[in-house]
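Below: the structure, in structure tokens.
The values are calculated or read from the model by the stated rules, or taken from the named source; none is laboratory data. The shown structure was predicted, so the numbers you read here are calculated from the model rather than taken from an experiment. All Cβ positions, even for glycine, are placed from backbone atoms using ideal geometry, and neighbour counts span all protein chains on display.
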Amino acid sequence: MPTSSPRTAVIFDMDGVLLDSEPLHYEAVRVILAEQGVEFPLEDYFRYLGTTLTSTWDDLCERYPVAMYFEQFEARYNADVLKQYQAGAPLIGGARELIERLREADVPIAVASSSHRMWVEAALTGAGLRGYFEHTTAGDEVSMGKPSPEIYLKAAETLGVDPEDCIAIEDAPAGVESARAAGMRVVLVRSELTDDLDLAADWQVDDLTQFKLTWLSTELPDAVGAA
């Protein structure tokens, strides 16, 4: 059983929170589907934000005439995205600075990403962030992906804190739902992909420069949607 922490822990999603990498994921899927004769506009990609690759593929096959095995799609997609991760995906504004502030304040931090372990390691290493995180949880290490709360519950357990003592930082509908279901407070990093969505976050920011350390000791949000 985890024990309560005297301070709030912060658990980061990776894509769209630490790394501005959602565009490269979309482009990888778009190119593969285009070769299948399927148009895949950006707005159709929104529904897959924060979900696992298998869940994405199952839904794509139901919605589009795709003549391709999952194993073929997975191999192609993984290779393309991994290459881009290794090259170094751009950071979300304020990501490194916030991580350093939290570390200096002795706040427990972790990553809970729907991406599989190989991607998490490559992405954090390529972006120069891996050394900051002792604890990371990947999508292939849980039985159910987001929006199930499992990954956030596991991340809290690795930190040795209760879920209600955690703030999750998310950018995707499935991630917000996952963290909420785990009993955590949520900071939403807004983007053009989610601007029109009504997500139940406690706080909303345009990037991580707007994260306030005072939120760590706030039992109830001072204003939902406040930057």
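Only one of the listed residues (ARG47, ARG63, ARG30) is of a type in the set (Lys, Arg) and within 29 Å of ARG130 (Cβ to Cβ). That residue is ARG30. Do the conditions hold for ASP13, that is, is it in the same structural domain as ILE151 (by TED's automatic domain parsing) and either surrounded by 13 or more Cβ atoms within 10 Å (Cβ to Cβ) or in contact (Cβ under 8 Å) with a residue 40 or more places away in the chain (or both)? Criteria met by ASP13.
Screening the stretch 22-43 for residues that are of a type outside the set (A, V, I, L, M, F, W, C) and farther than 16 Å from PHE73 by Cβ and picking the one that is modelled with the lowest pLDDT gives GLU22. Mind checking which residues of the stretch 107-132 are of a type in the set (Lys, Arg) and within 20 Å of ILE169 (Cβ to Cβ)? ARG130 - this is the single residue of the stretch 107-132 that is of a type in the set (Lys, Arg) and within 20 Å of ILE169 (Cβ to Cβ).
Could you please find all residues in the stretch 20-56 being touching a Ser or Thr at 6+ places or on another chain (Cβ under 7 Å) and part of a helix (DSSP H, G or I)?
Selection gives TYR48 alone.
The set of residues from the stretch 90-120 being in a helix (DSSP H, G or I) and under 20 Å from TYR26 (Cα atoms) comprises ARG117, MET118, TRP119, VAL120.
Contact map, the stretch 51-66: residues that are in contact (Cβ under 8 Å) with a residue 40 or more places away in the chain paired with residues that are surrounded by 14 or more Cβ atoms within 10 Å (Cβ to Cβ) and of a type in the set (Lys, Arg), Cβ distance under 7 Å, separation 6+ or inter-chain. Pairs shown: THR51/LYS146. The set of residues in the stretch 121-161 that are outside any helix (DSSP H, G or I), out of contact with any Lys or Arg (no Cβ under 7 Å at 6 or more places or on another chain), polar (S, T, N, Q) and touching a residue at least 12 places away in the same chain (Cβ under 8 Å) comprises THR136, SER148. Do we find that LEU60 is touching a strand residue (DSSP E or B) at 6+ places or on another chain (Cβ under 9 Å), surrounded by 16 or more Cβ atoms within 10 Å (Cβ to Cβ) and over 22 Å from GLU141 (Cβ atoms) in this structure? Spelling it out, it is not the case that LEU60 is touching a strand residue (DSSP E or B) at 6+ places or on another chain (Cβ under 9 Å), surrounded by 16 or more Cβ atoms within 10 Å (Cβ to Cβ) and over 22 Å from GLU141 (Cβ atoms). So which residues in the stretch 178-214 are out of contact with any Asp or Glu (no Cβ under 8 Å at 6 or more places or on another chain), more than 18 Å from ASP162 (Cα to Cα) and not in a loop (DSSP other than H, G, I, E, B), if there are any at all? Result: TRP203, GLN204, VAL205, GLN210, LEU213, THR214. One residue is enough: does the stretch 75-89 have a residue meeting the conditions closer than 26 Å to PRO147 by Cα, touching a strand residue (DSSP E or B) at 6+ places or on another chain (Cβ under 7 Å) and not in a helix (DSSP H, G or I)? Scanning the stretch 75-89 turns up at least one residue that is closer than 26 Å to PRO147 by Cα, touching a strand residue (DSSP E or B) at 6+ places or on another chain (Cβ under 7 Å) and not in a helix (DSSP H, G or I). Taking VAL111 as the residue in question, decide whether it is within 14 Å of the chain's Cα centre (by Cα), closer than 20 Å to THR51 by Cβ and of a type in the set (A, V, I, L, M). It is true that VAL111 is within 14 Å of the chain's Cα centre (by Cα), closer than 20 Å to THR51 by Cβ and of a type in the set (A, V, I, L, M). Residues in the stretch 138-150 that are at pLDDT 95 or above and either of a type in the set (Lys, Arg) or under 18 Å from THR8 (Cα atoms) (or both): 0 in all.
So which of LEU33, LEU91, LEU49, LEU98 ends up being more than 17 Å from SER114 (Cβ to Cβ), within 14 Å of the chain's Cα centre (by Cα) and crowded, with 17+ Cβ neighbours inside 10 Å?
Working: LEU33 fails: within 14 Å of the chain's Cα centre (by Cα); LEU49 fails: more than 17 Å from SER114 (Cβ to Cβ); LEU98 fails: within 14 Å of the chain's Cα centre (by Cα).
After ruling out the rest, the residue left standing is LEU91.
Scanning the stretch 161-196 for residues that are surrounded by fewer than 24 Cβ atoms within 10 Å (Cβ to Cβ), at pLDDT below 95 and small (Gly, Ala, Ser) gives ALA174, SER191.
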